[in-house]
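Take a look at the structure set out below.
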Amino acid sequence: MNMNAYSKVKEQLNSFLVTAKTEESSEHVSQMKLDRIRIKLENGSELSAKELDYLKKYDSALYSKALMMKQKREMLKAKLEHCNSKEEVEQIRDTELSFVSKKDPDAMMKINTITNTVDKFCKTIQYKNLPQTTKEDQKKDSISGVHYEMKLGSYGITYIDEDTYEQDKDRSRR
């Protein structure tokens, strides 16, 4: 074999090795990216649109789980936004957690999604402005002379004379 032919073979072999390493490297990077997204999802964190697109393209099973968690998070947020007390927020959290089966392979993902969503809501001004209990809210309203009927969702002004106010106050202490 002459030197020229030897150089060509060596060059082709090097080119092949570089291509193989690049493909192996990109597969490794792709797997690392999937693992990072999987961990983020299992921790109950929201995925970005890019991450969802990546899952849609490379891991349809995980993409389905991600969509399920996104839907669960959105439904839970809607429930939390309609709460009338901090106590009600805790009841919703406890109820949602009770629906998660311990036998479910995605149990931790669901638990973390619920917990993170409630924790995030608890950091909002809306949550901080909620009374501790619904009864506490009604008590505040009746003392101020404003009456709120939760079932009807309507406001009305109630004029309470001092004698009636004192009698109601005494009854509520019993």
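Coordinate-derived values only; no laboratory data. Nothing here was measured: the structure is a model prediction, and the numbers come from that model. No Cβ is skipped: glycine too gets one built from the backbone with ideal geometry, and neighbour counts run over all protein chains shown.
Output the Kirkwood hydrodynamic radius of region 96-137, Cα pairs only, in Å rounded to one decimal. Walk me through the intermediate numbers first.
Numbers: mean 1/r = 0.0830 Å⁻¹.
The answer is 12.1 Å.
How long is the gain from SER101 to LEU52 if the chain were fully straight, where each residue apart is worth 0.36 nm and the alpha carbon distance is subtracted? Write down the numbers at each step before the final one.
On the way: separation 49, 0.36 × 49 = 17.64 nm, distance 2.55 nm.
My answer for the length gained is 15.1 nm.
Given region 50-102, what whole percent of its Cα pairs are spread farther than 17 Å?
Details: 689 of 1378 pairs.
Looking at region 50-102, the distances longer than 17 Å represent 50 percent of pairs.
For region 100-106, just list the computed ³J(HN,Hα) in residue order, Karplus coefficients 6.51, -1.76 and 1.60, θ = phi - 60°, integers in Hz, with x standing in for Gly and Pro.
With coefficients 6.51, -1.76 and 1.60, one gets 7, 6, 5, 7, 5, x, 9 Hz.
For a quick protection proxy, order the peptides 61-74, 91-104 by their average other-Cβ count within 10 Å, most packed first.
Values: 61-74: 15.6, 91-104: 12.4.
Packing order, densest peptide first, comes out as 61-74, 91-104.
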